[in-house]
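Every read-out reported here was derived from the displayed coordinates using simple, explicitly stated rules and does not represent laboratory data. The structure displayed is predicted, hence computed values, not measured ones. When we count neighbours, we look across all protein chains shown, and the Cβ atoms used for this are built from the backbone with ideal geometry, even at glycine.
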Amino acid sequence: MTKADLIEEVSRVVEFTRKESEVIVEAIFDSVVKSLRDGDKIEIRGFGSFRTRQRQSRIGRNPKTGARVDVPAKRIPYFKPSKELKDLVNQDERPADVTPTPQI
């Protein structure tokens, strides 16, 4: 799913115009980025949490020349899915009209 697909889905579900849905999606993404920049943790119950992790500086290599390159320390975004999201993703897909037979 792309950002455009997400905007279309929001537009369809909440019956807003595409432009209004785009403003909503952009506002959510901007809020997430701003919070991560400020060092905050974002927790969305039933979905997961976003936070940043600190990477130490290191010495890398240029793959083309083999020369040593200093890679500076940096923060990277990290997403940890909730148990509920993991369970939903790994759930067996069954058609809605088929009820499971009880085990005896």
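Overview of values
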item: Aspartates and glutamates whose Cα lies under 15 Å from that of Lys34, excluding same-chain neighbours fewer than 8 positions away; result: Glu26, Glu43
item: Exposure rule at most 16 other beta-carbon atoms within 10 Å, DSSP loop GluC sites (Glu not before Pro): the chain longest free segment; result: 16-92
item: Backbone HN-Hα couplings from phi across the stretch 36-53 [Karplus 6.51/-1.76/1.60, Hz, Gly and Pro as x]; result: 5, 4, 6, x, 7, 9, 10, 10, 10, 4, x, 10, x, 9, 10, 7, 10, 10
item: Gly48 long-range amide H proximity, modeled H, under 5 Å; result: Ser82
item: Trypsin sites (Lys or Arg not before Pro) restricted to the stretch 31-95 and DSSP loop, no more than 12 other C-beta within 10 Å; result: Lys41, Arg45, Lys64
item: The chain, relative contact order [Cα under 8 Å, separation at least 6], %; result: 18 percent
item: Relative contact order computed over the stretch 41-90 (Cα-Cα under 8 Å; 6+ residues apart), in percent; result: 41 percent
item: Alpha-carbon spread of the stretch 41-90, three principal axes, descending order, Å; result: 46, 24, 10
item: Prolate/oblate/rounded call for the stretch 1-101, Cα gyration tensor, a/c under 1.5 rounded; result: prolate
item: Cross-link pairs beyond the 30 Å C-alpha cut-off, checked among Lys3/Lys64; Lys19/Lys83; Lys3/Lys41; Lys3/Lys86; Lys19/Lys74; Lys3/Lys83; result: Lys3/Lys64; Lys19/Lys83; Lys19/Lys74
